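No value in this document is a laboratory result; all are computed from the given coordinates. None of these values were measured; they are calculated from a predicted model. Here the Cβ positions follow ideal geometry from the backbone for every residue, glycine too, while neighbour counts run over all protein chains shown.
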Amino acid sequence: MFNKSKPFDNGTSSGLGIPPAPEPTPAATPSAAPAAPRAPEPSRPAASSRSSSLSTLSAGVKYEGNISGAGELQVDGSLKGDIRVVRVTIGEGGSVEGTVHADVLEVRGRVSGAIVAKQVKLFATARIEGDITQEQLSIEQGAWFQGRCTQAKRDTPGANMLDAPAPAEKPVAANAKTDKVEAKPAA
């Protein structure tokens, strides 16, 4: 009664009437039938508000060390170290113990340390212990903040804290000439 085979069943199906997956063909072997043209993918806006270079520090994991780069960072775990990226989002379960430098910072979790950013948004679940230096600050009702808040405009002294640090000097190759002259004491 239940052992009846289906017309496409060669004994390798799962028994649910689902045909087996076709065997992959090597890429070098041309197929007999031309591939059907793919449907065009939907166009994405040129200037997206979110970059595709998002890195996530997962929940339940503890990280130690500094993080820097040109991308975005989502912190759902615990980080002990400094952050210097373009955009940082600290989730409700996320915590950072260290300095956070970013263009845009959204905090739903905990930060224990200084914050330096152009735009800071503290959500209702945020817990901040440290000083904030920013151009724009938004604090939702219910957020907890202990520290000093300093608004830095681009044209005021101290606003250079909002800029990324100058690139470090490149190391000089061993056989390269330098313009440096050493003075030796006279004997």
Filter the strands (runs of 3 or more DSSP E) completely within region 59-108 down to those with at least 3 residues that are within 15 Å of the chain's Cα centre (by Cα).
-> 72-75, 87-90, 100-107
Can you name the residue in region 81-113 that is surrounded by 19 or more Cβ atoms within 10 Å (Cβ to Cβ) and of a type in the set (K, R) and, of all such residues, is nearest to I132 (Cα to Cα)?
-> R110
Would you please name the residue that is surrounded by the most Cβ atoms within 10 Å (Cβ to Cβ), looking only at residues in region 134-154 that are polar (S, T, N, Q) and within 20 Å of D103 (Cβ to Cβ)?
-> Q134
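Is it fair to say Q119 is more than 15 Å from L79 (Cα to Cα) and assigned to a loop (DSSP other than H, G, I, E, B)? Walk me through how you get there before you give the answer.
On the way: more than 15 Å from L79 (Cα to Cα): yes; assigned to a loop (DSSP other than H, G, I, E, B): no.
Taking the combined requirement at face value, the residue does not satisfy it.
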